[in-house]
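Worksheet: the structure to be examined is printed underneath.
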Ligand SMILES: Cc1cc2nc3c(=O)[nH]c(=O)nc-3n(C[C@H](O)[C@H](O)[C@H](O)COP(=O)(O)O)c2cc1C
């Protein structure tokens, strides 16, 4: 059977399946439940030093569903929006939880998702305290789209490359374990903030966080959703529907930074989804909304499906196929040229006088005739 283990930035994951930051990793018992089921790593719900500044609202989720018969309730959901903030639990409770998780699962990967206001002392304190409590790695949340920008946190940092570089630099001064920076997709070119994060010294990139969105308007009340006291605010879009956008952004990152690690996120729910992100260059893949909809047990069929894909192609390890699809991206102009040559070749192949050695000369002559 294929070996699903992978070593990323010096950390060994038993498999590439990681719980993405959010409700599925919101305390020690949920994180332990994930490890019980076989997840290779967990990124905890984002923590900050001062939970009293975090004020969540309800409802804070909205869903888009397919109208297809025979689908179970949650299978029909393909788009999900949230206006949830980072964890509202106390930082001290979180540090106790990290210790509990590492006591029970010393060989699983616990990644601390952290976020702070743009102050060096705060970022360095949170980094030092999380690693003392046992975090194996960090994911810097520079990308949450709602709520926190008011405090110049999350996406408000991630959209400014100079701030990204500075914050990453502060963390790297004190971090003793690998650090990934989590990117917002709400930018024109994701490689710009990623370059800034690398300039700040991080080891790898996680992508993507949620896409800023307006889920819809209730046609009875005429209020946008999710409606809180009659109002809403744009939220973060996730689930299956974002997968193509996530794949495109991961592709751009993999092409721009060969050799650097990527944790792929966005609409992943199956082993075949994971295989596509790995083919695009990812080392690990993260699942957040999928776990909220289908439960922690989904990792078992994901492992089986990824293994079956690898066996089918004779891949023995993740590295055997990681990034394999990247070389097949090109420009539209090049696609048109390849198609022109293919058509000419087909025509020439039908021609009994075709001389393979003179193919280019003949195809150019033929193309000149057909286009003139
Ligand atoms: C309800 C909810 C809460 C989330 N909270 C966080 C968070 O605290 N920190 C963070 O970095 N990302 C957070 N995310 C974003 C996810 O980690 C992930 O980047 C995004 O949802 C795309 O992946 P998915 O389609 O697998 O959910 C949250 C997502 C959801 C749906």
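Details
- D_trans [Stokes-Einstein, Kirkwood Rh over alpha-carbon pairs] for the range 43-176, 20 °C, 1.002 mPa s, µm² s⁻¹: 131
- Taking Cα atoms only, the orientation of helix 359-371 departs from the longest principal axis of the chain by about 90 degrees.
- Choice from 207, 112, 308 with maximal GNM fluctuation in the chain (Cα, 10 Å cutoff): 308
- Cα-derived Rg to Rh of the range 6-328, Kirkwood definition: 0.95
- GNM flexibility winner over the chain from 299, 164, 174 (Cα, springs under 10 Å): 174
- Per residue, the convex hull spanned by the alpha carbons of the range 139-244 comes to 116 Å³.
- For the chain, the longest principal axis of the Cα atoms and the long axis of helix 332-350 meet at an angle of about 30 degrees.
- Across the chain, the mean sequence separation of Cα contacts (distance under 8 Å, 6 or more residues apart), normalised by length, yields a relative contact order of 17 percent.
- Choice from 91, 277, 138 showing the highest fluctuation, given a GNM over the chain with Cα pairs closer than 10 Å: 91
- Helix 243-256 axis, angle to the chain major axis (alpha carbon atoms, nearest 10°): 80
Computed from the coordinates by the stated procedures, all read-outs in this text should not be read as laboratory data. Predicted, not measured: the structure shown is a model, and the values here were computed from it.
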